[in-house]
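Below: one structure, written as structure tokens.
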Amino acid sequence: MTGKEHLNYDTFETTFARSQKLEQNLEKNPGKYKMLTGDRPTGRLHIGHLFGSLLNRVRLHKLGVPTFIVIADYQVLTDRDVFKNISENVRQLTIDYLACGIDPARGNTYIFPHSYVPELNQLLLPFLTLVTNAELDRNPTVKEEIAASGQKRINAGMYTYPVHQAADILFCKANVVPVGKDQLPHLELARTIARRFNDRFANNKPVFPEPQPLLSQAPVILGLDGSQKMSKSRNNAIMLSADEDETARLIKKAKTDSERVVTYDPQNRPEVSNLLLLASLATGRRPEEIAEEIGDGGASKLKKLLTESLNEYLKPLREKRKELENNLDYIREVLNAGVAAARAEAVKTLEEVREVMDMKL
Ligand code: TRP
């Protein structure tokens, strides 16, 4: 590959500034955009997902931005020896999306597992020829996942899934991808693949747009241990599907510190501040204001307030969730319609790809 084609990672500041500009344009002109996001079906979602990314997607969805949500079932196979319950997880993930406010009835809204969209998967083959092994080796997120997996034998899917993810994004020509920081290397790769594909095969009429990452403005939600990101596997999460009693129990056990007076100080008091942040997200009040109100009421008063406000906030979502769990026919319908629409897009794109690559019969 020549120098001009190098895969360069922008600084976080550059990406963030660009993302803010994109945010403004989205609000002015939602119809010019197409959003694609996705998750791995590894389990149910928790309030860290809700406040960190789901609400951001729902906001764009409600602005009228066409919404594609890919459930990346093949990606589950990259770092796990044990894979089970994938279809159950796909259903639960779909239920979580719908309960949070993604509504296919708005139109232009599709949820689908990528394993059901053969023409999307086929794009992986030409895309693999547009990147080098060395580039795939250098992906910082993949490197971290390899380290975290603790596995000695890493399968080739681990190195190549970011290329497949480019197909997830480009098959429908999405131009906005709401993601967290850890996904930025994958987005940069998708942009590079789009650019290289257009340069090599489609000089006069580019087939793919360069998709832009949209970073959520929401702060990172720590787990109830207050020391690391909220995550189901770290056992420090409150699931959206948890009931009120379970939520109360989990908050009761949350770590705090020994200072009596509650103050909002994320640097020096991460545990207490994270609880204040959650209470703030659930009430719409500023964390400092809540801290002041509690004052020397201490951690127990804070936990009581958080439990009540979070349960109150999640109530409609949880009711919707229950309803959906009892209506799996509807969930299947949503997924089938999502697959059909995604396939129609993928067929069109693959046809264009064949055309410019001179592979038509
Ligand atoms: N890699 C993403 C994650 O682990 C999931 C994902 C798959 C995705 N395909 C995507 C995210 C396309 C955004 C766009 O969370």
> What Rg and what Dmax come out for the chain when only alpha-carbon atoms are used, in angstroms?
Replying inline: 21.6, 77
> Which of GLN267, GLN24, GLN75 moves most in a GNM of the chain, Cα contacts under 10 Å?
Replying inline: GLN267
> Build a GNM of the chain with springs between Cα atoms under 10 Å: which of GLU13, GLU325, GLU333 gets the top mean-square fluctuation?
Replying inline: GLU13
> Just the C-alpha atoms of region 27-81: what Rg/Rh do they give, with Rh taken as the Kirkwood radius?
Replying inline: 1.07
>> Using each residue's phi in region 66-71, evaluate 6.51 cos²θ - 1.76 cosθ + 1.60 at θ = phi - 60° and report the 3J(HN,Hα) Karplus result to the nearest Hz, with x for Gly and Pro.
In response: x, 10, 10, 10, 8, 9
> Taking amide H positions as placed 1.01 Å from N in the peptide plane, with prolines and chain starts having none, which residues 5 or more places from SER231, or on another chain, fall under 5 Å of its amide H?
Replying inline: ASN236, ALA237
>> Could you tell me the center-to-center distance, by alpha carbons, between region 201-215 and region 274-352 in angstrom?
In response: 33 Å
>> Using amide H atoms built in the peptide plane, which far-off residues or other-chain residues are under 5 Å from GLN212 H to H?
In response: VAL176, VAL177
> So, in nm, how far is label GLU246 from label GLU292 when the simple model puts each one 7 Å beyond its Cα toward the Cβ?
Replying inline: 3.7 nm
> For the Cα atoms of the chain, what angle does the longest principal axis make with the long axis of helix 140-149, in degrees from 0 to 90, nearest 10?
Replying inline: 60 degrees
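Given only helices, namely DSSP H runs of n ≥ 4 each adding -39500 (n - 2.57), what is the per-residue ellipticity at 222 nm of the chain, to the nearest 500 deg cm²/dmol? Please list the in-between numbers first.
Numbers: 14 runs with 188 residues, N = 361.
Mean residue ellipticity at 222 nm (helix-derived): -16500 deg cm²/dmol.
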>> Can you classify region 2-148 as rounded, prolate or oblate using the Cα gyration tensor, where a ≥ b ≥ c are the square roots of its eigenvalues, rounded means a/c under 1.5, and otherwise it's prolate if a/b beats b/c and oblate if not?
In response: oblate
> Can you give the relative contact order of the chain as a percent, counting alpha carbon pairs under 8 Å and 6+ residues apart?
Replying inline: 21 percent
> Under a GNM of the chain (C-alpha, springs under 10 Å), which listed residue has the highest mean-square fluctuation: ARG318, ARG234, ARG153?
Replying inline: ARG153
> Per-residue HN-Hα couplings for region 93-109, Karplus 6.51 cos²θ - 1.76 cosθ + 1.60 at θ = phi - 60°, whole Hz, x for Gly and Pro?
Replying inline: 4, 4, 4, 4, 4, 5, 5, 6, x, 6, 10, x, 5, 5, x, 6, 9
> On average, how much accessible surface per residue is there in the chain, in Å², for a 1.4 Å probe, leaving out ligands, DNA and RNA?
Replying inline: 50 Å²
> Of GLY223, PRO211, ASN198, which is farthest on the positive side of the dipole of region 173-223, counting Cα position, with +1 on Lys and Arg Cβ, -1 on Asp and Glu Cβ, and the Cα centre as origin?
Replying inline: ASN198
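Give, in nm to one decimal, the length gained when the segment between ASP358 and ASP10 is fully stretched (0.36 nm per residue of separation minus the Cα-Cα distance). Display every interim value, and only then the final one.
Numbers: separation 348, 0.36 × 348 = 125.28 nm, distance 3.36 nm.
Computed gain between ASP358 and ASP10 is 121.9 nm.
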> With each label point set 7 Å from Cα along the Cα-Cβ vector, what nm distance links THR132 and ASN268?
Replying inline: 5.0 nm
> Amide H of ILE111: which non-local residues (sequence gap of 5 or more, or other chain) have their own amide H closer than 5 Å, using H built in the peptide plane?
Replying inline: ILE69, GLY338
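The values are calculated or read from the model by the stated rules, or taken from the named source; none is laboratory data. What you are looking at is a predicted structure, and each value in this text was computed from that prediction instead of being measured. Positions of Cβ are generated from backbone atoms using ideal geometry, with glycine treated the same way; all protein chains shown enter the neighbour counts. The protein model used for the area step is the full one, side chains on, heavy atoms only, and it has no ligands, DNA or RNA in it. Shrake-Rupley method; radii C 1.70, N 1.55, O 1.52, S 1.80 Å.
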